[in-house]
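Down below is the structure, laid out as C-alpha cells.
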Amino acid sequence: MLNILSIDSTVPPDLNQKVDRAQWAKLKQARFTCACCGYQSAPSESVLSGFMQVVNKEVLCAICASALQLQRPVRNLANHGFIIMASDLSQSEVTSLSREIGFAILSGDSARRERAETVFEQLLESEITHSDFQFLTEEEPQTCAEMAVGLTVISSLNRNEYAKYFKDLRYVPNFVAFSHIYEYWSKTSS
Ligand SMILES: [Zn+2]
C-alpha cells in the first residue's frame, strides 16, 4: 500500500526527466503500468517515460509517484495537490478517480465536465484542516508544500506514530498542474 509519507527528495523535479537505460528497461518490463493504481501508459518520442516513473524500483504513474514525493515540485509548482482525509478510499482509488475527473474535464463534453467538477469539489471537501494537524505547521497544512514542511518538522516521529497520524491521508493532484499529463494519457490510452 502506498504511504504518502515515504518521501524521497532525491528525484529530480521534472516529471518527464530523462529516462536512463535502467529505467527504460524497468518501464518496459512493467509495460508502463503503475504498480499502485494499475494505470497503463505508453511511451512516445516526445515523452519517453509516458509520464510514468521508477520510484524505489517500482513503476508508478505521475500521480501515485507524486503522492509518494510531496516535497518534489511538479511543473515547478510546490503546491501541486491537496491532502485529504479519506479512510474509505485507498490512494489507488483516489488516483484513478482524479485521473477520470481530469479526462472528463478535458473531454469537451460540457455535461460530463460539470459532473466531474462536482465530484472533484466533493473530493476536496475532505481536505484536512488546520486544527487536525496544528502540531505540524503554523500554516494550514492542506497543500502539499505545507504538508511537506510540516513533515520535516516532525521527522523525529517513528514509523508507528506516522502510521497512526497519517494512515487516512490521501493525495489529490491539482488539475492545472497535471492537465498536460491527462491530455497526454487521454490521447495515448485510447
Ligand atoms: Zn498510479
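Only the coordinates and a few stated rules stand behind these numbers; no lab work does. These numbers come from a predicted model, not from an experiment. Glycine also receives a Cβ, built like all others from the backbone with ideal geometry; neighbour counts cover every protein chain displayed.
Numerical summary
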quantity	calculated
Checklist (1) assigned to a helix (DSSP H, G or I); (2) surrounded by 13 or more Cβ atoms within 10 Å (Cβ to Cβ); (3) among the hydrophobic types (A, V, I, L, M, F, W, C) applied to L157, failing item	(1)
Residue in the range 100-108 that is of a type outside the set (A, V, I, L, M, F, W, C), more than 16 Å from the ligand (Cβ to nearest atom) and more than 18 Å from the chain's Cα centre (by Cα) present	yes
Within the range 8-122, strands (runs of 3 or more DSSP E) holding 1 or more residues that are basic (K, R)	none
Test: A177 is closer than 20 Å to L60 by Cα and not in a strand (DSSP E or B)	yes
Matching entry among V19, V59 (being away from the ligand (no atom under 13 Å from the Cβ), crowded, with 17+ Cβ neighbours inside 10 Å and of a type in the set (V, I, T))	V19
